[in-house]
Amino acid sequence: MTLADCHRVAEIRVGGWRSAYRGLIPQSYLDGLSAKEDAEQRRTYLAQGGGSIVNLVAEDTGGEIVGWACHGPYREGEVRTEDAELYAIYVHPDQVGRGVGRALLTESVARCSAAGHGRVLLWVLKENDRARRFYERAGFRADGAEEPFEVDGLAVPEVRYTRTLAR
């Protein structure tokens, strides 16, 4: 991902939230999301990444960005561990089910393995059955850890998934 990609990635991320999380988190929060503000945040994160965070984009045959994934060191509170974490993966709602997410996930996992990480972990909304099935088909398993994600004053439970990597 480049700085020039940030606006399109933000559009995909905001569209992904509105599509995937409808009914799972407060609609008022989803309605308040701004691609412009998110793009600024993506630009800041990209500039501050320091090389430890990897942002990948997927393009269609016409060169249009249709998906985004981001991974880096696993965050245990403020401490970064030796494991990797998939921070985000979003696909344009029109592209869901066409292999874009699978390609991004496969590439992220391959890069984490090549970097020497022993595991990849991720957090997913507990009630997001579609995402949970997606990760389970890719070899991830819930490890029993749960924590709330607060959205507009509402605690939305997340579960942690993990996958052991070949070194």
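The values are calculated or read from the model by the stated rules, or taken from the named source; none is laboratory data. None of these values were measured; they are calculated from a predicted model. So basically every Cβ, Gly included, is an ideal-geometry build from the backbone, and we count neighbours across all protein chains shown. Accessible surface areas use protein heavy atoms only, side chains included; no ligands, DNA or RNA. Shrake-Rupley method; radii C 1.70, N 1.55, O 1.52, S 1.80 Å.
In table form, for the structure just shown:
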read-out	value
Residue check, D94 in contact with a Pro (Cβ under 8 Å, 6 or more places away or on another chain), of a type outside the set (A, V, I, L, M, F, W, C) and under 20 Å from S19 (Cβ atoms)	no
Segment 66-121, residues that are part of a strand (DSSP E or B), of a type in the set (V, I, T) and either open to solvent by 10 Å² or more (accessible area, probe 1.4 Å) or within 23 Å of A145 (Cα to Cα) (or both)	V79, T81, I89, V91, V120
Residue in segment 53-62 that is closer than 26 Å to P148 by Cα and either assigned to a strand (DSSP E or B) or modelled with pLDDT of 95 or more (or both) present	yes
Segments classed as helices (runs of 4 or more DSSP H), wholly inside segment 1-49, with at least 3 members that are farther than 27 Å from R80 by Cα and in contact (Cβ under 8 Å) with a residue 40 or more places away in the chain	6-20
Failed item in (1) closer than 29 Å to S28 by Cα; (2) at pLDDT 95 or above; (3) open to solvent by less than 50 Å² (accessible area, probe 1.4 Å), with V156 passing the rest	(2)
Hits in segment 70-117 - residues which are within 17 Å of E136 (Cα to Cα) and of a type in the set (A, V, I, L, M, F, W, C)	L86, A88, I89, V96, V100, A103, L104, L105, V109, A110
Hits in segment 70-121 (condition: of a type in the set (A, V, I, L, M, F, W, C) and under 12 Å from the mean Cα position of the chain (by Cα))	C70, L86, A88, I89, V91, L104, L105, L121
Enumeration of residues in segment 137-148 that are at pLDDT 95 or above, touching a Phe, Trp or Tyr at 6+ places or on another chain (Cβ under 8 Å) and open to solvent by less than 90 Å² (accessible area, probe 1.4 Å)	F140, A142, D143
Yes/no for V124 being more than 18 Å from L3 (Cα to Cα), of a type in the set (V, I, T) and within 13 Å of the chain's Cα centre (by Cα)	yes
Residue among F140, F149 that alone is farther than 17 Å from S19 by Cβ, out of contact with any Asp or Glu (no Cβ under 7 Å at 6 or more places or on another chain) and aromatic (F, W, Y)	F140
